[in-house]
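The next block holds one structure in the form of structure tokens; read it before the comments.
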Amino acid sequence: VTARRLTGDASAELATITWRAGRVRLLDQRALPAKMRYLDCATVDDLIEAIQSLAVRGAPALGAAGAYGVALAAHTLRTKPQVRAAARKLARARPTAVNLATGVALAFEAYESGGAAGALAAAQQLALDAIARNRALGAHGAPLLPVSASVLTHCNTGALACVGYGTALGVIRAAAESGRDPHVWVDETRPLLQGARLTMFELERLGIDATLIPDSAAASLMAAGEVDLVILGADRIAINGDVANKVGTYSLAVLARHHGLPFYVAAPTSTIDPDTPNGAAIAIEERDPDEVRAFGGKPVAPEGASVRNPAFDVTPAHLVTAIITEVGIARRPYARSLPSHLKRAGALYSPG
Ligand code: MRU
């Protein structure tokens, strides 16, 4: 295995979320891949709208959004109770990814001791740490991929979801950078197509070989021996190792077990929630039924059809082969390995 430079346009890292002239600037993920458009949020309400409509999304990016949101509140609101109320609202904008609430709490604490400048410095540090964690995680995970592996992934876990570099996509990227030449099966990820729109966009830019599939094709590809392993991200990992991630993750875990394939979760320790004992305690976001009644803005079901639209599901720990974090590879029993990863990471990175 020899190191190689990726052939795509990876030199230009995607600026997922930045602070610019007193505003939070987002690369608007709703417009991708058709348009690279930026969205400047001038108020906390603008940012909450952007979070709920998925202009910014993915657990680590939501952590940065929460922290920058507190900085924005501190810069735009006059009193501490107003900033506190804005922080509470931000933390509740989406319920499943623990990073959002943690990012808010971290920046609010910095605001209490250091004012608006303190909150901004904490947000900037959290964003830098998020990228550093992902690079470390990628380096730990890359050797798990055999040379020329066919890897199946779900949703989007690249720089767009993570401030920079990526979690599961970071592992794939690190494998490609070290010459392992992976091929990626990309689940389209119904109903909002994060795989088709965002993961395909990122892999193309990176020059990594990728093939888009309907979510429902995973089983037959596995049965045909065309998948070597599954790797994806997480929105919240309970301390017993149960994993909440984009809906469809659980079915992939069951399929992987049936076909004897490794099922890896890649996530920074900031996604492990020591206060969540197990998957049953994770709040699963239910989204607008119209996201299922329509496809690409076009109705595909009778108007008003009854719909259930959970955005995430929980994969039980016993189906997870390993959890790759920035400090190494955690294996079962997770109730033992995850606290140890949290402790080791705590000594190296800021808590967000
Ligand atoms: O609804 P989304 O697009 O925010 O869901 C994102 C996911 O489920 C990702 O897989 C998860 O946040 C991991 S991101 C590295």
- Residue pairs qualifying under the 9 Å Cβ cut-off, at least six apart or on distinct chains, with the first in region 310-338 being within 15 Å of residue 264 (Cβ to Cβ) and the second being of a type in the set (Lys, Arg) and buried (at least 23 other Cβ atoms within 10 Å of the Cβ), are 325/133; 326/133
- Selection within region 278-306 - away from the ligand (no atom under 14 Å from the Cβ), closer than 16 Å to residue 234 by Cβ and assigned to a loop (DSSP other than H, G, I, E, B): 278
- Could you please give the count of residues in region 257-277 that are among the aliphatic types (A, V, I, L, M) and assigned to a loop (DSSP other than H, G, I, E, B)? 2
- Within region 161-182, the residues that are assigned to a helix (DSSP H, G or I) and within 15 Å of the ligand (Cβ to nearest atom) are 161, 162, 168, 169, 170, 171, 172, 173, 174
- Task: Give the residues of region 190-214 that are of a type in the set (Val, Ile, Thr) and more than 23 Å from residue 292 (Cβ to Cβ), sorted by residue number.
- Result: 208, 211
- Item | Selected residue (criterion: surrounded by the most Cβ atoms within 10 Å (Cβ to Cβ)) from residues of region 284-309 that are free of Cβ contacts under 8 Å to residues at least 60 places away in the same chain and of a type in the set (Val, Ile, Thr) | 307
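Quick grid of which residues meet (1) more than 16 Å from the ligand (Cβ to nearest atom); (2) in contact (Cβ under 8 Å) with a residue 60 or more places away in the chain; (3) within 25 Å of residue 275 (Cα to Cα):
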site	(1), (2), (3)
73	yes, no, no
102	no, yes, yes
126	no, yes, yes
129	no, yes, yes
136	no, yes, yes
142	yes, no, no
159	no, yes, no
- Query: Of all residues in region 40-68, which are within 16 Å of the ligand (Cβ to nearest atom) and without any contact (Cβ under 8 Å) to a residue 24 or more places away in the chain?
  - Reply: 49, 53
- Message: Against the condition under 18 Å from residue 215 (Cβ atoms), among the β-branched types (Val, Ile, Thr) and modelled with pLDDT of 95 or more, how does residue 327 come out, does it pass?
- Response: no
- Evaluate the following for residue 349: is it buried (at least 19 other Cβ atoms within 10 Å of the Cβ), aromatic (Phe, Trp, Tyr), in a loop (DSSP other than H, G, I, E, B) and in contact (Cβ under 8 Å) with a residue 12 or more places away in the chain? yes
- Message: Looking at 39, 47, can you tell me which residue is at pLDDT 95 or above, touching a Phe, Trp or Tyr at 6+ places or on another chain (Cβ under 9 Å), buried (at least 17 other Cβ atoms within 10 Å of the Cβ) and closer than 24 Å to residue 119 by Cβ?
- Response: 47
- Message: Any residue that is among the acidic types (Asp, Glu), away from the ligand (no atom under 11 Å from the Cβ) and over 25 Å from residue 284 (Cα atoms) - is there at least one of those in region 211-232?
- Response: yes
- Task: Please find, among 236, 190, the residue that is within 13 Å of the ligand (Cβ to nearest atom), among the basic types (Lys, Arg) and crowded, with 24+ Cβ neighbours inside 10 Å.
- Result: 236
- Task: Exactly one condition in (1) farther than 23 Å from residue 287 by Cβ; (2) free of Cβ contacts under 8 Å to residues at least 24 places away in the same chain; (3) in a helix (DSSP H, G or I) is not met by residue 88; state its number.
- Result: (1)
- Task: Name every residue in region 314-341 that is touching a strand residue (DSSP E or B) at 6+ places or on another chain (Cβ under 7 Å) and either of a type in the set (A, V, I, L, M) or surrounded by fewer than 19 Cβ atoms within 10 Å (Cβ to Cβ) (or both), in order of residue number.
- Result: 314, 319, 320, 322, 323, 324, 329, 330, 331, 337, 338
- Selection from region 144-169 of residues farther than 20 Å from residue 253 by Cβ and in contact with a helix residue (DSSP H, G or I) (Cβ under 8 Å, 6 or more places away or on another chain) yields 158, 159, 160, 162, 163, 164, 165, 166
- Task: Please verify whether region 223-241 includes one or more residues that are in a helix (DSSP H, G or I) and in contact with a helix residue (DSSP H, G or I) (Cβ under 8 Å, 6 or more places away or on another chain).
- Result: no
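The values are calculated or read from the model by the stated rules, or taken from the named source; none is laboratory data. Just so it is clear, the model here is predicted, and its values are computed rather than measured. Because the Cβ atoms are built from the backbone with ideal geometry, glycine has one as well, and the counts that use them run over all protein chains shown.
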